Amino acid sequence: MAFSSSMINSFILSSFKPQQSILSFPSISYGDSFKPRKPLLPFRIRSVPTLIRATSSSSFPATIAEPEGIKINSIPSKPIKGQKTGTSGLRKKVKVFMQENYLANWIQALFNSLPPEDYKNGVLVLGGDGRYFNREAAQIIIKIAAGNGVGKILVGQEGILSTPAVSAANGGFIMSASHNPGGPEYDWGIKFNYSSGQPAPESITDKIYGNTLSFNEISIIGLRYSAFMQISEIKIADIPDVDLSKTGVTKFGSFSVEVIDPVSDYLELLESVFDFQLIRSLISRPDFRFTFDAMHAVTGAYAKPMFVDKLGASPDSIANGIPLEDFGHGHPDPNLTYAKDLVNILYAENGPDFGAASDGDGDRNMILGRRFFVTPSDSVAVIAANAREAIPYFKDGVKGLARSMPTSGALDRVPTGWKFFGNLMDAGKLSVCGEESFGTGSDHIREKDGIWAVLAWLSIIAHRNKDKKAGEKLISVADVVKEHWATYGRNFFSRYDYEECESEGANKMVAYLRETASKSKTGDKYGSYVLQFADDFTYTDPVDGSVVSKQGVRFVFSDGSRIIYRLSGTGSAGATVRVYIEQFEPDASKHDLDAQVALKPLIDLALSLSKLKDFTGREKPTEY
């Protein structure tokens, strides 16, 4: 999609009907209603009526502006509250981002927060998960980037680039609300990845927030704005919206936009990490069945080129493989609740041997075997234990391992949030890392990587079965995990999510828990559990010495059991309370117990200790 004439010169797409323009001009109603199931891929330009366009049209591979270059105008703006940027960027409902200047303010605030040498005449990457509003947002970002002196924008075809692919390209803008639903009534988000491709550090995101509350103007190309907020005319510079449907370069004076294939470079990177021939030998076996659910999200653009064309999987092994702006009316979160269709397939009487799913922007994953679910905490542990043997990238061994604090068996020196792993990777201290929220990755990039995790598991299964002849029983996903438990013991783990709680009650609950933890002492008894310590986790980065506090209230008991409480910032509305429960079990005879059964005494303690029902009014978690 593109802008309306009330924003920037452009084509008007018949499938988009905003209620209010995104820049501060009166809105114009036009076109047909939104058609949420229209696919983004295969790539193609949409049929659009013309309202206003520049006098010269774009042609590929290159269009050259007039010799004088490009004109940069400024439009007044005012501070906007509520643009606090966190680990996952800025996430709000689509309608919020469609308010006048809302997105433009944040983008300009970002440029105001960066040293000019970081972007002036430089190259930035732009991509997203294909959700509703990405096309309009891409044009805004491109024009403001040009207005601030960026030399070149690399943008994925149709605006498509997974978060791992952007990270692999050393960072830039990511248009995504990750695993949250998409569409006109749902979520949108913007995130900036810095330098080596890691999420922007708090030193940058704090500056962005400050600048959203203080600046006076937005630099942008080709707009004139009336001082009285009345539009007498719109003058369009020779910089129309860029056609993102075709690969190629469009030039406007010294500024250029290159539309790139979203798959090829990322696929080449993964080929350097894994033994694709080994994986292909597994997937092509007649006695091995594989399925991947792209959840109508960004990995649909990658699934066929990678799993079918490169690794020989059957085309019908890819489910929901076309990215849609509303994710097919689904919730693109790869877990047992929102990927229920995949779970049902794997738990069927004669289900496939291996199943996997990825989320909206491609950085999360879920791994399943036949009638067997691999928890994210077990997943990263199994990958780490088998990496050197099964994955060529780790042939010389791993540099280090890290897990987020709430993840089972966590090394408590590592906090919550992927941005904290980047420094350890850059310092050569970390190779494989993971978090309990279905995120797994390595130092091949500076983000979680859903497809990487799928390929890692396929590599392990392929390696364990490489000498198996046709007709011999294959070593399964369940076999690998149970063998791991027998060697290291099992960490029973569960997470309860209470989404969209009233913020006031949720904050009071956390304050109460912090007070309780501060007054506790070693040896305190909580039913049959004896307290080892309780605190509000603080992380000190061993590389740069930075300190991050209030990362989660922990109650750790003498037997290693843990209860952790956190408020999450990855949604777009209200507060999400997360409760993590973990208990270690060395006895192999108990490893096949259901986690909810094994953890019930600890779960009951977690709910009573927190007074969660009293503070939030919630009796049940969202996903259970």
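The values are calculated or read from the model by the stated rules, or taken from the named source; none is laboratory data. Keep in mind that this is a model prediction, so the values were computed, not measured. Cβ atoms come from the backbone with ideal geometry, glycine included; neighbour counts cover every protein chain shown.
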Exercise. THR63: β-branched (Val, Ile, Thr) and either modelled with pLDDT of 80 or more or over 21 Å from the mean Cα position of the chain (by Cα) (or both), yes or no?
Worked result: yes
Problem set entry | Conditions (1) more than 13 Å from the chain's Cα centre (by Cα); (2) in a loop (DSSP other than H, G, I, E, B); number of the one not met by GLY156 | (2)
Seminar exercise, completed: Among strands (runs of 3 or more DSSP E) completely within segment 239-332, the ones holding 1 or more residues that are under 27 Å from the mean Cα position of the chain (by Cα), surrounded by 24 or more Cβ atoms within 10 Å (Cβ to Cβ) and touching a residue at least 12 places away in the same chain (Cβ under 8 Å) are 255-260, 290-293
For this session: Inspect all residues belonging to segment 387-406 and state whether any of them is surrounded by 24 or more Cβ atoms within 10 Å (Cβ to Cβ), assigned to a loop (DSSP other than H, G, I, E, B) and of a type in the set (S, T, N, Q).
Result: yes
Seminar exercise, completed: Residue pairs within 9 Å by beta carbon, gap of at least six or interchain, first lying in segment 494-508 and closer than 12 Å to ARG566 by Cβ, second of a type outside the set (Asp, Glu) and loosely packed, with under 15 Cβ neighbours inside 10 Å, listed first then second, are TYR496/LYS620; TYR496/THR622; TYR496/TYR624; ASP497/THR622; ASP497/TYR624; TYR498/LYS620; TYR498/THR622; ALA506/GLY574
Seminar exercise, completed: Subset of segment 517-557, residues charged (D, E, K, R), under 18 Å from SER408 (Cα atoms) and in a loop (DSSP other than H, G, I, E, B), comes to none
Problem set entry | Scan of segment 86-102 for residues that are closer than 17 Å to GLN139 by Cα and assigned to a loop (DSSP other than H, G, I, E, B), ordered by number | MET98, GLN99, GLU100, ASN101
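Of all helices (runs of 4 or more DSSP H) completely enclosed by segment 419-516, which ones contain at least 3 residues that are more than 20 Å from PRO201 (Cβ to Cβ)? Step through it out loud before you land on a result.
Details: elements: 419-426, 450-464, 477-488.
Per the criteria, 450-464, 477-488.
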Seminar exercise, completed: Within segment 181-208, the count of residues that are in a helix (DSSP H, G or I) and either aromatic (Phe, Trp, Tyr) or outside the structural domain of GLY130 (by TED's automatic domain parsing) (or both) comes to 0
For this session: For segment 145-155, indicate whether the set of residues that are surrounded by fewer than 23 Cβ atoms within 10 Å (Cβ to Cβ) and closer than 20 Å to ARG364 by Cβ is non-empty.
Result: no
For this session: Tell me, please, whether a residue that is in contact with a helix residue (DSSP H, G or I) (Cβ under 7 Å, 6 or more places away or on another chain) and loosely packed, with under 14 Cβ neighbours inside 10 Å can be found in segment 571-584.
Result: yes
Exercise. What about SER178, is it assigned by TED's automatic domain parsing to the domain that holds SER254, part of a loop (DSSP other than H, G, I, E, B) and crowded, with 21+ Cβ neighbours inside 10 Å?
Worked result: yes
Problem set entry | Yes/no for ARG578 being in contact (Cβ under 8 Å) with a residue 60 or more places away in the chain and closer than 30 Å to GLN83 by Cβ | yes
Seminar exercise, completed: Of (1) at pLDDT 95 or above; (2) within 30 Å of the chain's Cα centre (by Cα), SER608 fails just (2)
For this session: Would you confirm whether any residue within segment 371-383 is at pLDDT below 95 and in a loop (DSSP other than H, G, I, E, B)?
Result: yes
